[in-house]
1. Please specify each residue of the stretch 32-58 satisfying the condition of being part of a helix (DSSP H, G or I) and either small (Gly, Ala, Ser) or closer than 23 Å to Glu70 by Cα (or both).
2. If you scan the stretch 2-31, which residues turn out to be of a type in the set (A, V, I, L, M) and either in a helix (DSSP H, G or I) or not assigned by TED's automatic domain parsing to the domain that holds Ile49 (or both)?
3. Go over the candidates Arg84, Arg88, Arg60 one by one and state the one that is farther than 21 Å from Met1 by Cβ, surrounded by 13 or more Cβ atoms within 10 Å (Cβ to Cβ) and without any contact (Cβ under 8 Å) to a residue 12 or more places away in the chain.
4. Would you mind stating whether Phe75 is free of Cβ contacts under 8 Å to residues at least 40 places away in the same chain and assigned by TED's automatic domain parsing to the domain that holds Ser44?
5. From the residues in the stretch 2-27 that are of a type in the set (A, V, I, L, M, F, W, C) and modelled with pLDDT of 90 or more, which one is surrounded by the fewest Cβ atoms within 10 Å (Cβ to Cβ)?
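The values are calculated or read from the model by the stated rules, or taken from the named source; none is laboratory data. The shown structure was predicted, so the numbers you read here are calculated from the model rather than taken from an experiment. Here the Cβ positions follow ideal geometry from the backbone for every residue, glycine too, while neighbour counts run over all protein chains shown.
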Amino acid sequence: MVEHQIELYGRPPQKVCFDGGFSSNRNLEDIKNLDVEDVAFNKSPGIGILDMIKSSWAYRKLSRFCIGIESNISFLKQSFGWSRCTWRSLTSFKSYTLTSVIAANLLTLARHALQ
């Protein structure tokens, strides 16, 4: 993912966060070698916070960002059928994903407008 970001933008991101399933010393070393300043693995067994990132404050910020993304995915799974996509092609899958995200955003906006 970081290599793809470098291809797209011509430079590495300053901070990245990953799910705990990707946490390993090897992945941490590979990402740091790509000139990423701060790396946060959510639920990282065996890797110290200060080995990944400069401060515990930045680690909390990145892990909360990651948790927010996971909660949005959970919302889409529960409310918009993201548990299984039965559409066959990549174009159909992209359409399915886009319409689900748009519907979720419209629902969120409507909920805020009613308050």
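1. Residues of the stretch 32-58 that are part of a helix (DSSP H, G or I), as a first pass: 32, 49-52, 56-58.
Hits for the stretch 32-58 are Ile49, Met52, Ser56, Trp57, Ala58.
2. Selection gives Val2, Ile6, Leu8, Leu28, Ile31.
3. Details: Arg84 fails: surrounded by 13 or more Cβ atoms within 10 Å (Cβ to Cβ); Arg88 fails: surrounded by 13 or more Cβ atoms within 10 Å (Cβ to Cβ).
The conditions single out Arg60.
4. Numbers: free of Cβ contacts under 8 Å to residues at least 40 places away in the same chain: yes; assigned by TED's automatic domain parsing to the domain that holds Ser44: yes.
Considered against the rule, which asks whether it is free of Cβ contacts under 8 Å to residues at least 40 places away in the same chain and assigned by TED's automatic domain parsing to the domain that holds Ser44, Phe75 comes out as yes.
5. If we filter the stretch 2-27 for residues that are of a type in the set (A, V, I, L, M, F, W, C), which is where we start, we get 2, 6, 8, 16-18, 22.
When the remaining residues are screened for being modelled with pLDDT of 90 or more, the result is 2, 6, 8, 16-17.
Working: Val2: 17, Ile6: 15, Leu8: 8, Val16: 19, Cys17: 21.
Looking at residues that are of a type in the set (A, V, I, L, M, F, W, C) and modelled with pLDDT of 90 or more, I get Leu8.
For every residue, the table says whether it meets (1) in contact (Cβ under 8 Å) with a residue 40 or more places away in the chain; (2) in the same structural domain as Lys15 (by TED's automatic domain parsing); (3) closer than 24 Å to Phe18 by Cα; (4) surrounded by fewer than 11 Cβ atoms within 10 Å (Cβ to Cβ).
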{"site": "Phe93", "(1), (2), (3), (4)": "no, no, yes, no"}
{"site": "Leu107", "(1), (2), (3), (4)": "no, no, no, no"}
{"site": "His112", "(1), (2), (3), (4)": "no, no, no, yes"}
{"site": "Gln115", "(1), (2), (3), (4)": "no, no, no, yes"}
